1. Counting only C-alpha contacts under 8 Å and six or more residues apart, can you give the relative contact order of chain A as a whole percent?
2. I'd like to know which of B:Thr183, A:Pro75, A:Ala137 lies farthest towards the positive end of the charge dipole of the protein assembly as shown, counting +1 on Cβ of Lys and Arg and -1 on Cβ of Asp and Glu.
3. What is the spin-label model distance, in nm, from A:Gln281 to B:His223 if the labels are put 7 Å beyond Cα along the C-beta direction?
4. Among A:Thr110, A:Thr87, A:Thr56, which one shows the biggest mean-square fluctuation in a GNM of chain A, springs joining Cα atoms closer than 10 Å?
5. Dipole size in debye (nearest 20) for segment A:186-336 around its Cα centre, Lys and Arg Cβ +1, Asp and Glu Cβ -1?
6. Provide B:Met77, A:Met1 ordered by accessible surface of protein heavy atoms (probe 1.4 Å), highest first.
7. How do B:Met97, A:Met115 stack up against each other in accessible area, from largest to smallest, with a 1.4 angstrom probe?
8. Dipole size in debye (nearest 20) for segment A:1-136 around its Cα centre, Lys and Arg Cβ +1, Asp and Glu Cβ -1?
There are 2 protein chains.
Amino acid sequence: MATIGDVARAAGVSRSTVSYVLSGKRVISAETKERIEAAIELLGFTPNAGARALATSRTNVLGLYLQFQEDEFAPAMLQYILPVSTTSRAEGYDLLMVTDPDLAGAIRRTTSSHMVDGVVLLDVTYHDARLEPLRQAQQPAVLIGYAQDSAGFDSFDLDFGEAARMAVDHLAERGHREIVLLTPPDHVATRGGSYVWRFRDAAIERAARHGIRLSAHPGASRHPEIAESLDRALDALPGATALIVHNDATVAALPRLLDERGIRVPQDLSVVGVFSQGFGQAFSLPYTAVESLPDRLGELAVAQLVRRIADPSSAGAPVVRLIEPGFFDRGSTRAV
Amino acid sequence: MATIGDVARAAGVSRSTVSYVLSGKRVISAETKERIEAAIELLGFTPNAGARALATSRTNVLGLYLQFQEDEFAPAMLQYILPVSTTSRAEGYDLLMVTDPDLAGAIRRTTSSHMVDGVVLLDVTYHDARLEPLRQAQQPAVLIGYAQDSAGFDSFDLDFGEAARMAVDHLAERGHREIVLLTPPDHVATRGGSYVWRFRDAAIERAARHGIRLSAHPGASRHPEIAESLDRALDALPGATALIVHNDATVAALPRLLDERGIRVPQDLSVVGVFSQGFGQAFSLPYTAVESLPDRLGELAVAQLVRRIADPSSAGAPVVRLIEPGFFDRGSTRAV
DNA sequence: CTGAAAGCGCTTACAG
DNA sequence: CTGAAAGCGCTTACAG
């Protein structure tokens, strides 16, 4: 492998001059610059990343840390990973993806060894064990999700309260008076998936304000529990004319479950889901949905992180931003 | 951040001694070792990754390069990413995940700058443009998938020929004489997804040997084309008693598509799919399947790559290994 | 059993 | 407009 010294020798200049051509931090005469660029081309020179990192204390790598819960609906995860990766690259960063079972340890290891310039945390929980090592770290971090104590970190998440209100309002406008809500499984709430109660509580409150009867039930993430929880929920409110599903695994299986029960949408039951456009497409879901916008969250988060890395001081106080959901009417609700 | 010099000073030894305690490449007296370890603990010292990489020419990072095709069924991808990540970590490597649209360029950039010690290529095509920069690279690479000219690279893939024979044999044993095969879309074959024709050709050949009539049709990856292609395939062979589906997007939507058409499985139609256990679970697929084993492929590939990195010379000639599919009988086929 | 020193390949103040 | 030199934080032959 050619080094900067080889290039310098070939071009008849000093190593510093080559370095300045590379960085553009100095004006170099056109002629010299040309000679150097020719030498770079000829030798196929690429600066050594480790050496550069050592000299600059910057790696141009971001760390993405995520855990795959046994009980989680995996297909939903990729929608968050991709935009983070794409945006990182667009901003000039590569991405270290870490799925170590001991994520807190992995964060400690990779930040303190300066493998990464910044940290992206996915699927953040209310009391997230990963925040502690992050506070010790010198690198800035951004959270996708919502933690109780996010002090010091930029956070981005969907406004699940608003999502719930949008779903309830949509049904209220169509005259529905009894609604069943299927939430994520209880264990998701237990481990601190705040979107569970943020959505549920807002839905309950909004329904009450409309004078609507809303019955909330935890769904499941596996078969056959998914079907059982759906039955339980529907049985609990026999007069329900609408169903709000805030549960990936359930909504993915819903078309078949309803078919099997002979329930037609929207004739027998209006349905509103909570999922992204991509998710709806992958599973060919025919339901009107409040959209979760993972692309936008990933983009915003990475852009903010990069801003902090570039200028830690002037980037201002940490931002906690809840973004407004989208809405995609697929005609699965009717007026009653 | 504490450096190795800080630790050395605190422990009253030289930097080299600290380094040797870290690497274990020298016997250090118990007493000295203890003092050093205490200092490391006290100062919270972690070796700087860049400095270490510069000194050793090793980063302990593997690169995973994947492209998300517009027309691809994304949910299937994650099953390959996860085992690669998990196995890498278990082998002591972190993982750089690269999704640059210009993957060949990204490979060139990350290998020649020595950001990675080895390369994992996912979703390899028959004439894969990523192989060229890989040949220039100093780092070893492993392919998951099948390329025409994989000379010089270790490759792992499912034995799709065997997968096809297993599916056909299974149906043959049950007396089926007319079978429809739904393949991946044509454009997948066009861009070199060799599994398309490896499966199809083997299925056709095997069916012929059994004296079975097999009619192969390209499926689609999007709605509503998926439904149309299914109809076309079934119409083409009205007497068919069985359907083999080698198409992720189609098989994921199949329960509903068949329901809508009033086709009961297995009473009206026997169905055999080609998908992994995890995929079947995520989409609650009730079909007997030839299993694609992404976990095993990821593990084997990374393990082999690590072996090559550790000992480039003695690892022997490149291996091209087609692994035998699994089989999961979910009772979706019957005797006719 | 341990240390002094060279070297990995860059960047960047300092100097001219 | 360009160069000589120090320094980033490690590892490892060389020496004792």
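1. For chain A, the relative contact order is 18 percent.
2. A:Ala137
3. The answer from the label model is 1.3 nm.
4. It is A:Thr56.
5. 280 debye
6. Accessible-area ranking of B:Met77, A:Met1, largest first: A:Met1, B:Met77.
7. Numbers: B:Met97 5, A:Met115 30 Å².
These residues rank, largest area first, as A:Met115, B:Met97.
8. Using Cβ point charges on Lys, Arg, Asp and Glu, segment A:1-136 gives about 880 debye.
The values are calculated or read from the model by the stated rules, or taken from the named source; none is laboratory data. All of these numbers come straight from a predicted model, not from anything done at the bench. For neighbour counting, all protein chains shown are included, and Cβ atoms are generated from backbone atoms with ideal geometry for every residue, glycine included. To get the accessible areas, we keep the full protein, side chains included, count just its heavy atoms, and leave off ligands, DNA and RNA. Shrake-Rupley method; radii C 1.70, N 1.55, O 1.52, S 1.80 Å.
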